[in-house]
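Here's the structure, in C-alpha coordinates; my notes come after.
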Amino acid sequence: MASDYDTDFFEWTQHQAAALAAGHMSELDLANLAEEIESLGKRDRRELASRLGVLVMHLLKWRYQPERRRTGRSWWNTIRTQRRDIRQLLQQSPSLRRLVPEMIEAAFLDVRFDASQQTGLSLEMFPATCPWTAEQVLDETFWPDESPTSSTRQIPFPPSPASP
(Lines give C-alpha, C1' and ligand atoms only; values in the text may rest on other atoms or scores of the structure.)
Protein backbone atom coordinates (compact mmCIF):
# COMPACT_ATOMS: atom_id res chain seq x y z
CA MET A 1 0.00 0.00 0.00
CA ALA A 2 1.34 3.43 -0.91
CA SER A 3 2.02 5.77 1.98
CA ASP A 4 0.83 9.33 2.08
CA TYR A 5 3.39 12.09 1.65
CA ASP A 6 1.49 14.40 4.03
CA THR A 7 0.83 11.97 6.88
CA ASP A 8 3.99 9.82 7.10
CA PHE A 9 6.90 11.36 5.25
CA PHE A 10 9.45 8.76 6.33
CA GLU A 11 7.27 5.86 5.21
CA TRP A 12 6.58 7.71 1.96
CA THR A 13 10.33 8.06 1.29
CA GLN A 14 10.90 4.36 1.91
CA HIS A 15 8.07 3.37 -0.40
CA GLN A 16 9.24 5.76 -3.12
CA ALA A 17 12.83 4.44 -2.92
CA ALA A 18 11.64 0.82 -3.11
CA ALA A 19 9.29 1.55 -6.02
CA LEU A 20 12.01 3.42 -7.89
CA ALA A 21 14.58 0.66 -7.31
CA ALA A 22 12.09 -1.97 -8.47
CA GLY A 23 11.13 0.05 -11.54
CA HIS A 24 7.50 0.35 -10.46
CA MET A 25 6.98 3.71 -12.07
CA SER A 26 3.21 3.68 -11.59
CA GLU A 27 3.70 3.71 -7.80
CA LEU A 28 5.84 6.85 -7.84
CA ASP A 29 4.47 10.13 -6.54
CA LEU A 30 6.26 12.11 -9.24
CA ALA A 31 5.22 15.62 -8.22
CA ASN A 32 6.33 15.24 -4.60
CA LEU A 33 9.36 13.18 -5.59
CA ALA A 34 10.54 15.94 -7.94
CA GLU A 35 10.01 18.56 -5.22
CA GLU A 36 12.01 16.53 -2.69
CA ILE A 37 14.90 15.96 -5.09
CA GLU A 38 15.04 19.68 -5.85
CA SER A 39 15.02 20.47 -2.12
CA LEU A 40 18.06 18.22 -1.60
CA GLY A 41 20.11 20.44 -3.92
CA LYS A 42 18.85 23.56 -2.18
CA ARG A 43 19.73 22.06 1.19
CA ASP A 44 23.34 21.46 0.10
CA ARG A 45 23.56 25.00 -1.25
CA ARG A 46 22.21 26.46 2.03
CA GLU A 47 24.62 24.32 4.03
CA LEU A 48 27.57 25.50 1.95
CA ALA A 49 26.57 29.16 2.31
CA SER A 50 26.13 28.77 6.06
CA ARG A 51 29.47 27.02 6.55
CA LEU A 52 31.27 29.62 4.42
CA GLY A 53 29.77 32.41 6.51
CA VAL A 54 30.93 30.80 9.75
CA LEU A 55 34.37 30.14 8.27
CA VAL A 56 34.91 33.67 6.97
CA MET A 57 33.70 35.19 10.24
CA HIS A 58 36.19 33.11 12.21
CA LEU A 59 38.98 33.99 9.78
CA LEU A 60 38.15 37.65 10.39
CA LYS A 61 38.24 37.13 14.14
CA TRP A 62 41.53 35.23 13.78
CA ARG A 63 43.03 38.06 11.73
CA TYR A 64 41.69 41.06 13.66
CA GLN A 65 41.99 39.75 17.22
CA PRO A 66 45.33 37.93 17.23
CA GLU A 67 45.65 38.39 21.00
CA ARG A 68 42.59 36.16 21.51
CA ARG A 69 44.01 33.21 19.56
CA ARG A 70 45.82 31.85 22.59
CA THR A 71 42.91 32.06 25.02
CA GLY A 72 41.30 28.91 23.75
CA ARG A 73 40.94 26.54 20.84
CA SER A 74 37.50 27.66 19.74
CA TRP A 75 38.40 29.71 16.66
CA TRP A 76 41.06 27.25 15.55
CA ASN A 77 38.66 24.33 15.93
CA THR A 78 35.85 26.16 14.14
CA ILE A 79 38.06 27.10 11.19
CA ARG A 80 39.38 23.54 10.84
CA THR A 81 35.92 21.98 11.22
CA GLN A 82 34.26 24.28 8.68
CA ARG A 83 37.02 23.71 6.13
CA ARG A 84 36.81 19.94 6.58
CA ASP A 85 33.01 19.89 6.30
CA ILE A 86 33.06 22.21 3.27
CA ARG A 87 35.68 19.99 1.62
CA GLN A 88 33.47 16.94 2.17
CA LEU A 89 30.38 18.73 0.88
CA LEU A 90 32.25 19.86 -2.26
CA GLN A 91 33.53 16.31 -2.82
CA GLN A 92 29.93 15.06 -2.77
CA SER A 93 28.63 17.94 -4.91
CA PRO A 94 31.56 19.34 -6.95
CA SER A 95 29.33 21.63 -9.02
CA LEU A 96 28.78 23.76 -5.90
CA ARG A 97 32.46 24.82 -5.99
CA ARG A 98 31.77 27.38 -8.72
CA LEU A 99 29.31 29.14 -6.36
CA VAL A 100 31.82 29.63 -3.53
CA PRO A 101 33.17 33.07 -4.60
CA GLU A 102 29.69 34.57 -5.04
CA MET A 103 28.47 33.03 -1.78
CA ILE A 104 31.37 34.58 0.13
CA GLU A 105 30.75 37.93 -1.52
CA ALA A 106 26.99 37.79 -0.87
CA ALA A 107 27.44 36.92 2.79
CA PHE A 108 30.34 39.22 3.58
CA LEU A 109 28.40 42.29 4.72
CA ASP A 110 26.48 40.22 7.27
CA VAL A 111 29.62 38.32 8.26
CA ARG A 112 31.49 41.60 8.74
CA PHE A 113 28.69 42.97 10.92
CA ASP A 114 28.50 39.77 12.99
CA ALA A 115 32.27 39.72 13.47
CA SER A 116 32.13 43.32 14.69
CA GLN A 117 29.32 42.52 17.12
CA GLN A 118 30.99 39.38 18.44
CA THR A 119 34.44 40.90 18.87
CA GLY A 120 33.41 44.35 20.07
CA LEU A 121 35.64 45.88 17.39
CA SER A 122 34.31 48.75 15.29
CA LEU A 123 32.73 47.82 11.98
CA GLU A 124 35.16 50.15 10.21
CA MET A 125 38.07 48.03 11.42
CA PHE A 126 36.94 45.25 9.09
CA PRO A 127 37.38 45.53 5.31
CA ALA A 128 34.32 46.35 3.20
CA THR A 129 34.91 43.30 1.01
CA CYS A 130 36.39 39.92 1.80
CA PRO A 131 40.18 40.32 1.89
CA TRP A 132 40.80 36.74 0.79
CA THR A 133 40.12 34.78 -2.35
CA ALA A 134 37.79 31.80 -2.28
CA GLU A 135 40.85 29.60 -2.73
CA GLN A 136 42.48 31.09 0.37
CA VAL A 137 39.31 30.73 2.42
CA LEU A 138 39.13 27.02 1.55
CA ASP A 139 42.88 26.35 1.77
CA GLU A 140 43.55 24.38 4.94
CA THR A 141 47.09 25.79 5.12
CA PHE A 142 45.96 29.43 4.90
CA TRP A 143 45.81 31.30 8.20
CA PRO A 144 45.54 35.09 8.06
CA ASP A 145 48.30 36.77 9.94
CA GLU A 146 48.46 40.18 11.53
CA SER A 147 49.39 41.91 8.29
CA PRO A 148 46.41 42.42 5.98
CA THR A 149 48.51 41.62 2.90
CA SER A 150 50.26 38.50 4.11
CA SER A 151 49.40 35.13 5.51
CA THR A 152 51.13 32.35 7.31
CA ARG A 153 51.57 29.22 5.24
CA GLN A 154 51.94 26.77 8.08
CA ILE A 155 49.00 25.38 9.96
CA PRO A 156 49.30 26.77 13.45
CA PHE A 157 49.17 24.35 16.31
CA PRO A 158 45.98 24.64 18.27
CA PRO A 159 46.54 27.14 21.03
CA SER A 160 47.10 25.79 24.50
CA PRO A 161 44.28 26.43 26.91
CA ALA A 162 44.79 29.59 28.94
CA SER A 163 46.51 29.04 32.25
CA PRO A 164 44.28 29.56 35.28
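Name the residues in the stretch 141-153 that are part of a loop (DSSP other than H, G, I, E, B) and either polar (S, T, N, Q) or at pLDDT 95 or above (or both), would you? Write out each step before concluding.
At the first step, the residues of the stretch 141-153 found to be part of a loop (DSSP other than H, G, I, E, B) are 141-142, 145-150, 153.
Correct list: 141, 142, 147, 149, 150.
Restricting attention to the stretch 100-137, which residues are in contact with a Leu (Cβ under 8 Å, 6 or more places away or on another chain), part of a helix (DSSP H, G or I) and surrounded by 17 or more Cβ atoms within 10 Å (Cβ to Cβ)?
Answer for the stretch 100-137, where residues must be in contact with a Leu (Cβ under 8 Å, 6 or more places away or on another chain), part of a helix (DSSP H, G or I) and surrounded by 17 or more Cβ atoms within 10 Å (Cβ to Cβ): 100, 103, 104, 107, 111, 112, 115, 116, 137.
One residue is enough: does the stretch 24-42 have a residue meeting the conditions among the basic types (Lys, Arg) and either in contact with a His (Cβ under 9 Å, 6 or more places away or on another chain) or under 21 Å from residue 131 (Cα atoms) (or both)?
No; the residues of the stretch 24-42 include none that is among the basic types (Lys, Arg) and either in contact with a His (Cβ under 9 Å, 6 or more places away or on another chain) or under 21 Å from residue 131 (Cα atoms) (or both).
On the basis of being part of a helix (DSSP H, G or I), surrounded by fewer than 18 Cβ atoms within 10 Å (Cβ to Cβ), touching a helix residue (DSSP H, G or I) at 6+ places or on another chain (Cβ under 9 Å) and without any contact (Cβ under 8 Å) to a residue 24 or more places away in the chain, does residue 90 make the cut?
no
Please give the number of the condition residue 27 fails out of (1) buried (at least 17 other Cβ atoms within 10 Å of the Cβ); (2) touching a helix residue (DSSP H, G or I) at 6+ places or on another chain (Cβ under 6 Å); (3) charged (D, E, K, R).
Going through (1) buried (at least 17 other Cβ atoms within 10 Å of the Cβ); (2) touching a helix residue (DSSP H, G or I) at 6+ places or on another chain (Cβ under 6 Å); (3) charged (D, E, K, R) one by one, residue 27 breaks only (1).
Mind listing whichever residues of the stretch 28-45 are over 25 Å from the mean Cα position of the chain (by Cα) and in a helix (DSSP H, G or I)?
Hits for the stretch 28-45 are 30, 31, 32, 33, 34.
Which one is modelled with the highest pLDDT among residues in the stretch 36-69 that are loosely packed, with under 12 Cβ neighbours inside 10 Å and charged (D, E, K, R)?
46
What about residue 7, is it hydroxyl-bearing (Ser, Thr, Tyr) and either surrounded by 14 or more Cβ atoms within 10 Å (Cβ to Cβ) or part of a helix (DSSP H, G or I) (or both)?
Spelling it out, it is not the case that residue 7 is hydroxyl-bearing (Ser, Thr, Tyr) and either surrounded by 14 or more Cβ atoms within 10 Å (Cβ to Cβ) or part of a helix (DSSP H, G or I) (or both).
Which ones in the stretch 44-72 are among the acidic types (Asp, Glu) and touching a helix residue (DSSP H, G or I) at 6+ places or on another chain (Cβ under 9 Å)?
44, 47
The values are calculated or read from the model by the stated rules, or taken from the named source; none is laboratory data. Treat the numbers as computed from the prediction; the structure is a model and nothing was measured. Positions of Cβ are backbone-derived with ideal geometry, glycine not excepted, and every protein chain shown enters the neighbour counts.
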